[in-house]
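S.K.: Sharing a structure below in structure tokens format, with a few things to ask.
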Amino acid sequence: MSKLSNETRNVLRSRTKLVHAGRQPFDQHGFINTPVYRGSTVLAPTYESLFDHSLHFTYGTKGTPTTEALETAWSELSGAAGTVLSPSGLAAITLAMMTAVKAGDHILVTDSAYRPTRVFCDRYLKKMGVSTTYFDPYLGAGVADLIQPNTTAVVVEAPGSQSFEMQDVPAIAEAAHKRGLCVIMDNTWATPLFFPPHERGVDLAIEAGTKYLSGHSDLLLGLVSANEDWWPRLRETFDIFAMCAGPEDVFLALRGLRTMELRLKEAEKQALDMAHWLETRPEVQQVLHPALPSHRGHDIWKRDFSGSSGLFSIILQPGPEKAVAAMLNSLELFGMGYSWGGFESLVIPFDCSPYRSATKWSPPGPALRLQIGLEDTADLKADLDRGFEIYRRNC
Ligand SMILES: *Cc1c(COP(=O)(O)O)cnc(C)c1O
């Protein structure tokens with residue numbers, strides 16, 4: 001077997017990339033997978049090598065063959081100049097934002113952002129002298145009107161956490177780059193497989209590896225990838241914070257990486273099957289899934305995304321909280337819990353109204369977010385069917 005040439009590597013399709021990326025078997029005695037390197041100290045063979053920058057690895061916080069394997073693979077998959085790993089998806093968000101802002105700056109953040117992202121802006125960045133303006137996720141190129149002389153970054157997320165608004169990322173990026181802003185995107189839902197972030201104008205892309213990269217609800221991990229422009233600044237921030245991921249989690253994420261496309265495509269198929277079925281249910285008022293033609297952001301999704309994942313939301317017909325509680329308590333297959341992207345189906349009630357500031361969240365009925373796992377959808381439908389009956393009885 002010969003080593004993958006750069007020429008071959010550059011033309012590989014995503015599934016082949018996922019199998020080969022970040023692996024150097026002959027650096028590991030021929031073993032297929034890069035092992036878990038546990039380590040803080042890295043020995044320098046000579047006095048001179050301490051200072052002449054000839055050592056590839058210098059200290060555990062700066063990287064190991066295990067972390068480098070995932071970073072390399074993720075950059076290849078994302079079309080990025082470089083990637084850093086962090087101990088959680090939220091840590092990846094804060095790392096990306098700390099890379100792009102300084103005291104006195106102003107940033108623009110989509111009103112549909114993951115809630116802990118807002119908390120970071122409202123509680124931490126504010127304290128450090130950075131102000132935030134939230135904007136309507138459907139504003140598109142209109143964000144240009146919100147740019148102030150001290151605005152340095154715009155944070156997007158498509159679709160919106162829980163509420164699933166779509167964003168015209170290329171239009172926002174174009175407007176932002178005209179004024180020298182950094183475009184940061186939380187790309188956890190689509191992953192680089194369904195939305196190549198840097199090709200679409202994103203400077204710093206975040207992924208919660210906790211979700212589809214892991215795929216098994218058994219680890220926490222974050223990734224930030226950067227284009228050429230932002231890579232040196234991202235790497236510098238990463239080295240300053242030394243907010244690095246644990247070796248076992250990185251090893252498990254590498255294992256997840258090899259099957260990520262298979263799992264994601266299956267999740268897509270399963271979720272679409274469930275979403276179409278839910279659209280026919282009398283208990284459901286609205287299905288918030290961007291791949292459905294009924295969704296407000298469907299055209300943006302169709303233009304910019306090559307797939308959809310297993311997470312979407314529904315709005316039920318009006319009913320009291322006790323009916324929602326009775327329904328969710330009756331489910332036997334859908335678990336109630338946060339996070340998503342694993343093999344198992346989940347449901348969680350949500351309400352964005354207390355914290356929205358640029359838009360109003362006032363659905364006509366209770367809202368539920370569904371994560372569709374790898375179970376047989378006939379069984380999932382039977383489970384929800386039972387749940388809906390309880391819901392009706394308690395309305
Ligand atoms: C879960 C999630 C995160 C955070 O990931 P953790 O690893 O749980 O910290 C970030 N963004 C989105 C959209 C998420 O769903």
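The values are calculated or read from the model by the stated rules, or taken from the named source; none is laboratory data. All values reported here derive from a predicted model rather than from experimental measurement. Note that we place each Cβ from the backbone using ideal geometry, even for glycine, and neighbour counts take in every protein chain shown. Ligands, DNA and RNA are excluded from the accessible area calculation, which covers all protein heavy atoms including side chains. Shrake-Rupley method; radii C 1.70, N 1.55, O 1.52, S 1.80 Å.
S.K.: Do any trypsin sites (Lys or Arg not before Pro) in segment 353-386 lie in a loop, going by DSSP, with at most 12 other beta-carbon atoms within 10 Å of their beta carbon, and if so which?
M.R.: Working: sites: Arg356, Lys360, Arg369, Lys381, Arg386; in loops: Arg356, Lys360.
Within segment 353-386, the qualifying trypsin sites (Lys or Arg not before Pro) (loop, at most 12 other Cβ atoms within 10 Å) are Lys360.
S.K.: What is the sum of charges around Gly142, taking Lys and Arg as +1, Asp and Glu as -1, for the other residues whose C-beta is under 10 Å from the C-beta of Gly142?
M.R.: Once all neighbours under 10 Å are counted, the net charge is -3.
S.K.: Something else now. Counting DSSP beta bridges with both partners in the chain, what percentage is antiparallel, nearest 5?
M.R.: Working: 25 of 44 bridges.
Around 55 percent antiparallel, to the nearest 5.
S.K.: Test of understanding: what is the full-extension gain from Phe57 to Tyr124, defined as 0.36 nm times their sequence separation minus their Cα-Cα distance? Can you show the working numbers first?
M.R.: Numbers: separation 67, 0.36 × 67 = 24.12 nm, distance 3.31 nm.
Taking 0.36 nm per residue and subtracting the Cα distance, the gain is 20.8 nm.
S.K.: Can you tally the net charge around Leu264? Count Lys and Arg as +1, Asp and Glu as -1, for every other residue whose Cβ sits under 12 Å from the Cβ of Leu264. Numbers along the way, then the final one.
M.R.: Numbers: positive: Arg15, Lys211, Arg263, Lys265, Lys269; negative: Glu261, Glu266, Glu268.
Charge balance in the 12 Å sphere: +2.
S.K.: Let's test the formula: R0 of 30 Å, r as the Cβ-Cβ distance of Arg9 and Lys269. What FRET efficiency results, to the nearest 0.05? Walk me through the numbers before you get to the answer.
M.R.: On the way: r = 29 Å, r/R0 = 0.97.
Computed FRET efficiency for Arg9 and Lys269: 0.55.
S.K.: Between beta-carbons, use under 10 Å as the cut-off and find the net charge around Ile184, counting Lys and Arg +1, Asp and Glu -1. List each step's numbers first, then the result.
M.R.: Working: positive: none; negative: Glu157, Asp186, Asp203.
Result for the neighbourhood of Ile184: -3.
S.K.: Starting from the Kirkwood radius over alpha-carbon pairs of the chain, derive D by Stokes-Einstein at 10 °C in a medium of 1.306 mPa s and give it in µm² s⁻¹. Could you put the intermediate results ahead of the total?
M.R.: Values: Rh = 22.1 Å.
Once the numbers are plugged in, D ends up at 72 µm²/s.
S.K.: Accessible area of the chain with a 1.4 Å probe: how many percent of it is carbon plus sulfur? Show your work: numbers first, answer last.
M.R.: Working: 9560 of 17840 Å².
Carbon-and-sulfur percentage of accessible area, whole number: 54.
S.K.: Still on this model: Just subtract the alpha-carbon distance of Lys360 and Ala325 from 0.36 nm times their residue separation and send over the number in nm, one decimal. The partial results should precede the final answer.
M.R.: Numbers: separation 35, 0.36 × 35 = 12.60 nm, distance 2.46 nm.
Value of the extension gain: 10.1 nm.
S.K.: With 32 Å as the limit, write out which pairs from Lys17/Lys62; Lys62/Lys102; Lys265/Lys322; Lys102/Lys269 have Cα-Cα distances beyond it, or answer none. Don't jump to the answer; show the numbers that get you there.
M.R.: Working: Lys17/Lys62 25 Å; Lys62/Lys102 24 Å; Lys265/Lys322 36 Å; Lys102/Lys269 43 Å.
Correct reply: Lys265/Lys322; Lys102/Lys269.
S.K.: Which value results for Rg/Rh of segment 175-297 when Rg is the Cα radius of gyration and Rh the Kirkwood radius based on the inverse mean 1/r? All intermediate terms of the calculation are to be shown ahead of the outcome.
M.R.: On the way: Rg = 17.6 Å, Rh = 16.8 Å.
Ratio of gyration radius to Kirkwood radius: 1.05.
S.K.: How far is it, in nm, from the label point at Asp379 to the one at Asn150 when both lie 7 Å from their Cα along the line to the Cβ?
M.R.: Distance between the two pseudo-spin positions: 5.6 nm.
S.K.: So which trypsin sites (Lys or Arg not before Pro) in segment 153-220 pass both tests, a DSSP loop state and at most 16 other Cβ atoms within 10 Å of the Cβ? Don't skip to the end; give the middle numbers.
M.R.: Numbers: sites: Lys178, Arg179, Arg200, Lys211; in loops: Arg179, Arg200, Lys211.
Those satisfying the criteria are Arg179.
S.K.: Only sites in a loop by DSSP and with at most 16 other Cβ atoms within 10 Å count here; which GluC sites (Glu not before Pro) in segment 206-273 make the cut?
M.R.: Counting only loop positions with at most 16 other Cβ atoms within 10 Å, the GluC sites (Glu not before Pro) in segment 206-273 are Glu228.
S.K.: For Lys127, give me every one of the aspartates and glutamates with a C-alpha distance below 19 angstrom, ignoring sequence neighbours fewer than eight places off in its own chain.
M.R.: Filter leaves Asp105.
S.K.: According to the Kirkwood expression over distinct Cα-Cα pairs, how big is the hydrodynamic radius of segment 260-394, in Å? Could you put the intermediate results ahead of the total?
M.R.: Numbers: mean 1/r = 0.0650 Å⁻¹.
The Cα-based Kirkwood calculation yields 15.4 Å.
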